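Chemist: Below is a structure I'd like to ask you about.
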Amino acid sequence: MIFYKTEEEIEFMRASANVLAQAHGEVAKLIREGITTRQLDQRAEEFIRDNGGEPSFKGYNGFEYSLCISPNSVVVHGFPGDYTLQSGDVVSIDCGVKLNGYHADSAYTYPVGEVAPEVTQLLEETKKSLYLGIEQAVAGNRMGDVSYAIQNHVEKLGYGVVRELVGHGIGKKLHERPDVPNFGKRGAGLKLQTGLVIAIEPMVNLGTKSVIQEKDGWTIRTKDLKPSAHFEHTVVVRKDKAEILTSFEYIEKALQ
């Protein structure tokens, strides 16, 4: 079943998204050579709880952390730990916040120090594809319009779009129906209606679209071990223009 949100519910989600955006900003301040991914996770959880929220990911299907931290060839669902960021790395930070009974979810991929030009471009184009997908998330369009906009942009640049993992509906549960693929056909799929809230999250690889799951049952890595990028916003389908609830504002301010 798909749960369309009332304006009151959307306001609850906006509050969650605001705490989430600020939590991302706190993590962004720490992104540098020499910091461990565990330190990033600890800061995120501390900030979320200090602001009345709960980390959406912690305890989800047994996941033990507040952040999914995925460096380099790890696409998503990486575990925070002793890994120390190094110059040349890229690292995806995926975070969710639950507040007032409603979730928000977003992700951002950072360069660390000096990154290869082709990797910088991967990050820029994946982020651009997110916004191209969001532009299509308006009432009357189809889910395939969102999916195609993402796929068309990144594949024409020679990148691989991950098939096994997709975006999702979001609300009282972190993952709700419908699925939001990053590949598809224009005019196909679910007809979008106002009040649908979805997490749109392109996962794009520098090389092949193929991925493998590691033995821990969570970590997803590119098959060819080339870098991957991941950007995500929580978005409300509206009549004329999609509304983005989450924000990269605090991240971008921290990176200046």
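Chemist: For every helix of n ≥ 4 consecutive DSSP H residues, a contribution of -39,500 (n - 2.57) applies; sum these over the chain, divide by its total residues, and give [θ] at 222 nm rounded to the nearest 500 deg cm²/dmol.
Modeler: Roughly -9500 deg cm²/dmol at 222 nm, from the helical runs in the chain.
Chemist: If the label point is 7 Å along Cα→Cβ of Ala188, which residues in segment 142-163 have backbone nitrogen under 15 Å from it?
Modeler: Counting backbone N atoms under 15 Å from the label point, the list is 142-152, 163.
Chemist: Roll a 1.4 Å probe over the protein heavy atoms and report the accessible area of Asp179 in Å², nearest 10.
Modeler: Answer for Asp179: close to 100 Å² accessible.
Chemist: Hey, with R₀ at 25 Å, roughly what FRET efficiency would Lys172 and Glu252 work out to, going by the Cβ-Cβ distance, to 0.05?
Modeler: With a Förster radius of 25 Å, E is 0.25.
Chemist: Percent of accessible area on the chain owned by carbon and sulfur, 1.4 Å probe?
Modeler: That fraction is 47 percent.
Chemist: Send over a whole-number figure in Å² for the accessible area per residue of the chain, probe 1.4 Å.
Modeler: That works out to 44 Å² for each residue.
Chemist: So for the pair Glu118, Glu164, with labels modelled 7 Å out along Cα→Cβ, what separation do we get in nm?
Modeler: For the pair Glu118/Glu164, the computed spacing is 2.3 nm.
Chemist: With N denoting the number of residues in the chain, provide Rg(C-alpha) divided by 2.2 N^0.38 Å, to two decimal places.
Modeler: Rounded to two decimals, the normalised Rg is 0.93.
Chemist: Ok, one more. Modelling each spin label as a point 7 Å along the Cα-to-Cβ direction, I'd like the Glu155/Glu64 distance in nm, to one decimal.
Modeler: Spacing of the two 7 Å Cα→Cβ label points: 3.9 nm.
Chemist: Follow-up question, since we're still on this one. Using the eigenvalues of the Cα gyration tensor, what equivalent ellipsoid semi-axes result for segment 65-162 when each is taken as the square root of five times the eigenvalue, whole Å, largest first?
Modeler: 25, 21, 10
Chemist: Now for a separate question. In Å, what Rg and Dmax follow from the Cα atoms of segment 120-230?
Modeler: Here Rg and the maximum Cα pair distance are 14.0, 42 Å.
The values are calculated or read from the model by the stated rules, or taken from the named source; none is laboratory data. Quick caveat: nothing in here was measured; it's all calculated off a predicted structure. Positions of Cβ are backbone-derived with ideal geometry, glycine not excepted, and every protein chain shown enters the neighbour counts. When the accessible area is computed, the model is the full protein with side chains, heavy atoms only, and any ligands, DNA or RNA have been set aside. Shrake-Rupley method; radii C 1.70, N 1.55, O 1.52, S 1.80 Å.
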